[in-house]
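The values are calculated or read from the model by the stated rules, or taken from the named source; none is laboratory data. This structure is a prediction, so every number in the text was calculated from the model and none was measured. Here the Cβ is made from the backbone with ideal geometry for all residues, glycine too, and neighbour counts use every protein chain on show.
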Amino acid sequence: MKIEEAGKNKVVSDTTDPVAAYNEFIREFRNEEGNYIYRQQIQEMTVEGEISLKVDFADVIKFNPDLARKTIDEPKEFIVAGNRAVAEVVEIEDSDYAFTTRDFFIRFYNMAEGETISLREIRAEHVGKLVMLNGIITRATEVKPLLIEGFFQCQNCNEIMIKTQEEGRYNPPHHCENPGCGRAGPFKLLTEESKFIDWQKICIQERPENLPPGQMPRSVTILLTNDMVDTVRPGDRLAVVGVLKSIPDFSQKTSGKLATFHINMNTNYILPEEKEFESIEISEEEEQEILELARDPWIHKKIIDSIAPSIYGNEDIKESIALLLFGGIPKVLPDGLKIRGESNILMIGDPGTAKSQILRYVASLAPRGLYTSGKGTSAAGLTVAVLRDSDTGDFTLEAGALVLADRGVCCIDELDKMRKEDRSSIHEALEQRTVSVAKAGIVATLNARCSIIAAANPKFGRYIPSRSAAENINLPVTILSRFDLIWIVRDEPEGDSDQIKAKHILRLHTVGVAEKEAPIDKELIRKYISYAKQNSKPVLSEEASKRLEEFYLEMRKAGETSDSPIAITARQLESLIRLTESNARMALRSECSIDDAEAAIRILKESLKQVGIDPETGKYDIDVVMVGTSSSTRSKIETLMDIISEMEVENKGQAVSIERVIEKAQDYGMNREFIERNIERMRQDGMLFQPKAGYIKRT
């Protein structure tokens, strides 16, 4: 509501005495039902031991627009007056509580339209005004006591002086106030008699989804005091109401202040966003449109066809992305164990197969999407960095991409180009959905409850079908096993398909749109996902549970004999449950049907066909992904080691010729390339060593 509109034809009280004006507002304001809501809130404060009265600023505008305008323009005076008014009303309600507590605060939220600004819009005109900012916390210091009223004792005559401390600066007396002394010190601070309050400094940054392309994110330092400290942590999204103040910049070269200033905020109220996607507003008309869409029997196909419509084909990948965007239901078990609801997807593909385009589209489509590329990403940039605060010298935590994408989607491109030690930092986030840090005396765990979709190129430039997925993928199996679905995107020449693809690309470059338009508008899909996440919590029906159980047992049965490969593990069963819930959520259902289970089974089988099959036997073998070698390959490697062992015994413990090992191993059905490749791998792993050229020996 605009303040100018609120005061039309309304008689308002005088604001020459702001304490009286706020006292009247707290006692007399009634909501639409006629309840004295702030009187009731003060009664609850005295019972619950709280010191802050939370006031909707729109109510102040309705009751007294002049008071609202002056509070915005002269916040220092009027907020102090509001605090006094709260104390006066508390004293009427409960004088004992007012006497023991003394300090009370008025906290504003839901500011007027013109007073809610983005970090990028902060200008000199806003300094000294009451405004509301929205952002995401990137850094937070520890909570410290802040001196606001110091009791100083003169060390010469023991005179005690009370001096108020302003702007957080330590300010002792200049000289003794005793007429008989008058000396300039020394003075001792009597800490027990002095008055301290809790103090914390946080840094908020523009939200990734609001950042203009090619721009550096803007940030502002926020100062929290009293009951607002320790209510938020890095990665949290929040709205902050407070007074902007300017502080001179400091020159490191001249060790002096500059004429330029930076902005800080003295906080009046901090409001963390509790809901997952509160930032997306959905009107009543849009809600009706969403509910109408959910009733469409073809809703799944429409959503899948609306994902990256300008990219030809890749239907299975688009379906898996749709499931990832909607997500499953996270669970907390009675013993405190948490089971993730978010899925992870990995795309391994030949160059030029639109992997990066898909990732960028997902980052723009997800209500909280964040894109990062492997080569320019460090472990600290992905997870959390420990930095030294420039003012205090203390170490603070700064949130990385996975923490900033909490409750959203983090897209990591060029995963294979990341340094090995940096890439290992995402292990915990992939499965536990947290990021832990233990550096410089700071031991902390931050939330990273995001879905991860990553893309990488094959090890040899192009995917080689005759080799297993683990051999083609230049990533450790510890990371591969944590992805729910892995897709191989191959670029194979095929006449009809190539012609359709060429026409599709040419049309995009000439007409500017795809041949088939997206059935659902991009902005509506974002709101549909947001609505589904907030309102749909599907549970597995008995039929769906039974179907998933049948599939799991059927796949496991194939691996019961000693030499058979294991098709799937319990980790894939959990993936199936997540995908089933996501499929039901896509139609805003409250229960997962057998059709949802079938859809999840189909998509998992399609993924396993690409990466979970032993190329030698053609059978499902999850060890290809989970361990890095298939069951049949491991059996051959064991045979190869036995051959080397036997030959060493025959050679009286001396090194054996590689050529002789190859000849003997070929009698067991192994080809030369396989033998040479695995001898080299065992040498790199430290199982074999080469005392001289052409000879090997076990370590």
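Worth pointing out:
- Residue check, Val241 aliphatic (A, V, I, L, M), touching a Lys or Arg at 6+ places or on another chain (Cβ under 9 Å), closer than 30 Å to Leu382 by Cα and outside any loop (DSSP other than H, G, I, E, B): yes
- Looking only at region 401-427, and only at residues there that are among the acidic types (Asp, Glu) and either in contact with a helix residue (DSSP H, G or I) (Cβ under 6 Å, 6 or more places away or on another chain) or more than 23 Å from Leu325 (Cβ to Cβ) (or both), the one that is surrounded by the fewest Cβ atoms within 10 Å (Cβ to Cβ): Glu421
Okay, residues lined up against (1) surrounded by fewer than 13 Cβ atoms within 10 Å (Cβ to Cβ); (2) touching a strand residue (DSSP E or B) at 6+ places or on another chain (Cβ under 6 Å); (3) among the acidic types (Asp, Glu):
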residue	(1), (2), (3)
Leu146	no, yes, no
Gly150	no, yes, no
Thr164	yes, yes, no
Cys176	no, yes, no
Phe196	no, yes, no
Ile202	no, yes, no
Met216	yes, no, no
Leu223	no, yes, no
Val229	no, yes, no
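- From the options Ile303, Ile321, residue that is touching a Leu at 6+ places or on another chain (Cβ under 9 Å), closer than 12 Å to Leu524 by Cα and outside any loop (DSSP other than H, G, I, E, B): Ile303
- Annotation note: of Glu315, Glu398, Glu342, the sole residue that is closer than 21 Å to His427 by Cα and surrounded by fewer than 20 Cβ atoms within 10 Å (Cβ to Cβ) is Glu398.
- Per-region count, region 476-497, residues hydrophobic (A, V, I, L, M, F, W, C) and either touching a His at 6+ places or on another chain (Cβ under 6 Å) or modelled with pLDDT under 75 (or both): 1
- Residues in region 55-97 that are within 20 Å of Ile148 (Cα to Cα) and without any contact (Cβ under 8 Å) to a residue 40 or more places away in the chain were compared, and the one that is surrounded by the fewest Cβ atoms within 10 Å (Cβ to Cβ) is Val80.
- The set of residues in region 18-42 that are more than 14 Å from Val55 (Cα to Cα) and either among the β-branched types (Val, Ile, Thr) or surrounded by fewer than 13 Cβ atoms within 10 Å (Cβ to Cβ) (or both) comprises Val19, Glu32, Glu33, Gly34, Asn35.
- Selection within region 110-125 - outside any loop (DSSP other than H, G, I, E, B), surrounded by fewer than 17 Cβ atoms within 10 Å (Cβ to Cβ) and not hydrophobic (A, V, I, L, M, F, W, C): Glu113, Gly114, Thr116, Arg120, Glu121, Glu125
- Of the strands (runs of 3 or more DSSP E) that lie entirely inside region 168-236, those containing 3 or more residues that are closer than 30 Å to Ser52 by Cα span 195-205, 219-225.
- Taking every residue in region 522-533 that is at positive phi and assigned by TED's automatic domain parsing to the domain that holds Glu292 and pairing it with any residue that is acidic (Asp, Glu) and at pLDDT 85 or above, at least 6 positions away or on another chain, yields no pair with a Cβ-Cβ distance below 8 Å.
- Unique residue being free of Cβ contacts under 8 Å to residues at least 40 places away in the same chain, among the β-branched types (Val, Ile, Thr) and within 28 Å of Leu147 (Cβ to Cβ) when the list is Thr191, Thr225, Thr221: Thr191
- Evaluation of Lys331 against (1) farther than 21 Å from Arg585 by Cβ; (2) without any contact (Cβ under 8 Å) to a residue 60 or more places away in the chain; (3) touching a strand residue (DSSP E or B) at 6+ places or on another chain (Cβ under 7 Å) (one fails), failing number: (1)
- Glu206 of a type outside the set (S, T, N, Q) and under 29 Å from Arg120 (Cα atoms): yes
- Region 569-587 - residue that is touching a Ser or Thr at 6+ places or on another chain (Cβ under 9 Å) and more than 17 Å from Ile321 (Cα to Cα) and, of those, modelled with the lowest pLDDT: Thr569
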